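Below is one structure, written out as structure tokens; the observations come after it.
We did not get these values from a lab; they are worked out from the coordinates using the rules stated. Predicted, not measured: the structure shown is a model, and the values here were computed from it. All Cβ positions, even for glycine, are placed from backbone atoms using ideal geometry, and neighbour counts span all protein chains on display.
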Amino acid sequence: MAHISFRDVQRRFRRNGEEFIALDDVNLEVAEREFVAIVGPSGCGKTTCLRMAAGLEHPSRGSIRVGGQEVREPGPDRAVVFQAFALFPWKSVWDNVEFGLISLGVAKDERRRRIEHYIELMGLAGYERAFPHQLSGGMQQRVAIARAYVLDPQVLLMDEPFGALDAQTRVVMQEELVRLARRHPRTVLFITHAVEEAVYLADRIVVMTGRPGTIREIVDVKTVREAERWDSHPRIEDVMDQPSFVQLRTHVWKLLRESGAIH
Ligand SMILES: Nc1ncnc2c1ncn2[C@@H]1O[C@H](COP(=O)(O)OP(=O)(O)OP(=O)(O)O)[C@@H](O)[C@H]1O
Ligand SMILES: [Mg+2]
């Protein structure tokens, strides 16, 4: 059974008093522990898809299920990481990571154990008492990721989590996310504008087109990654040099170009 499924999803919005179809015919099944990236032109409805899976918004037609249950509202089985970090500025790193655990009613000892684990894993040890404004953008994003993983959600919904980072920090974060995803495999929906990032991280890439937003093609990456043993390359730049990687990247670019994302 699919862990996340979009069935004939349509979403309409109103603009200047007129209704328009933002998303149409979205059909997608994400398997348990699968990492699916979504790419597509600005405004094609990527964030809307994620918000609906999170239960923050609802389809106008069709349905979205997570673990077989129709999504009606946000729940502890799903954690969201947004582009703009969305940390509490007045809380320390530790308190930011702890916040969701308190709302879930996790006992104090267990909270400490989990927070220490993820703070260590995300390279934030020593910064527990720092406040977000004292951290670099990359570190803030690590706090946001630790805060999501610490809840031990079955599903992670990430909306351009590395969008605000500089190119080098982004590479570090991508490598860290790959390590984290291997150690703690979860079902992930990951939105990005960066095609290379999608090919590097994802098992499959959903390529969308705009007006209205629909799925253009779903590209299988996992089969190629395993066949070509990308994982045997320790560094991201070595993976990106592989002909099989370049081929997939070019294919996704071509789809985006045809969809009008690039002129
Ligand atoms: N609450 C809303 N009310 C009206 N229109 C909305 C609302 N939310 C989104 N839209 C519209 O729906 C479309 C899809 O928006 P969405 O934010 O999902 O796009 P996106 O693919 O995430 O874009 P980007 O890549 O720029 O983040 C856009 O045309 C947007 O203006
Ligand atoms: Mg968006």
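Tell me, in nm to one decimal, what length is gained between Gln247 and Glu120 on full extension, where the rule is 0.36 nm per residue of separation less the Cα-Cα distance?
42.1 nm
Just flag the trypsin sites (Lys or Arg not before Pro) in region 200-263 sitting in loop per DSSP whose Cβ has no more than 15 other Cβ atoms within 10 Å.
Arg229, Arg235
Given +1 on the Cβ of Lys and Arg, -1 on the Cβ of Asp and Glu, and no further charges, what dipole in debye does region 87-152 carry about its Cα centre, rounded to the nearest 20?
Charge dipole, region 87-152, about its Cα centre: 80 debye, nearest 20.
What are the lysines whose alpha-carbon lies under 26 Å from the alpha-carbon of Lys91, with same-chain residues fewer than 8 places away excluded?
Leaving aside lysines fewer than 8 places away in the same chain, those within reach of Lys91 are Lys108.
Would you mind checking region 53-95 for residues with the amide N under 17 Å from a putative spin-label position 7 Å along Cα→C-beta of Ile102?
87-95
Apply the Karplus curve 6.51 cos²θ - 1.76 cosθ + 1.60, θ = phi - 60°, to the phi angles in region 232-244 and return the couplings in whole Hz, x for Gly and Pro.
3J(HN,Hα) across region 232-244, in whole Hz: 7, 9, x, 10, 4, 5, 6, 5, 5, 7, 5, x, 5.
Which cross-chain or sequence-distant (5 or more) residues have an amide H under 5 Å from the amide H of Gly40, H modelled 1.01 Å from N in plane?
Residues meeting the criterion, in which the H sits 1.01 Å from N, are Met208.
With θ set to phi - 60° and the Karplus curve 6.51 cos²θ - 1.76 cosθ + 1.60, what are the ³J(HN,Hα) couplings of region 131-147 in order, to the nearest whole Hz, using x for Gly and Pro?
After applying 6.51 cos²θ - 1.76 cosθ + 1.60, I find 9, x, 5, 8, 10, 6, x, x, 5, 4, 5, 5, 5, 4, 6, 4, 4 Hz.
Scale the Cα Rg of region 87-152 by the rule-of-thumb value 2.2 N^0.38 Å and send over the ratio, two decimals.
For region 87-152, the normalised Cα radius of gyration comes out at 0.98.
Can you give me the distance in nm between label points at Asp231 and Glu217, each placed 7 Å from the Cα along the Cα-to-Cβ direction?
A separation of 2.6 nm, rounded to one decimal place.
Taking only DSSP H segments of four or more residues, each worth -39500 (n - 2.57), what value at 222 nm results for the chain once the sum is divided by all its residues, to the nearest 500 deg cm²/dmol?
Estimated from H runs of four or more residues: -11500 deg cm²/dmol.
Which whole-Hz ³J(HN,Hα) couplings does region 41-53 yield from phi under the Karplus relation 6.51 cos²θ - 1.76 cosθ + 1.60, θ = phi - 60°, glycine and proline marked x?
Values, residue by residue: x, 4, x, 7, x, 5, 4, 4, 4, 5, 5, 6, 5 Hz.
What is the P(r) of the chain, as percent of Cα-Cα pairs per 10 Å bin from 0?
With a bin width of 10 Å, the distribution comes to 7, 29, 35, 23, 6, 0.
What size of dipole, in debye to the nearest 20, comes out for the chain about its Cα centre when the only charges are +1 on Lys and Arg C-beta atoms and -1 on Asp and Glu C-beta atoms?
For the chain, the charge dipole is close to 440 debye.
Restricting to Cα pairs below 8 Å that are 6+ residues apart, what does the relative contact order work out to for the chain? Please round to a whole percent.
Reported as a whole number, the value is 25 percent.
Please go through region 1-99 and write out the trypsin sites (Lys or Arg not before Pro) that DSSP classes as loop and that have at most 16 other C-beta atoms within 10 Å.
When the trypsin sites (Lys or Arg not before Pro) of region 1-99 are filtered for loop state and at most 16 Cβ neighbours within 10 Å, Arg33, Arg72, Lys91 remain.
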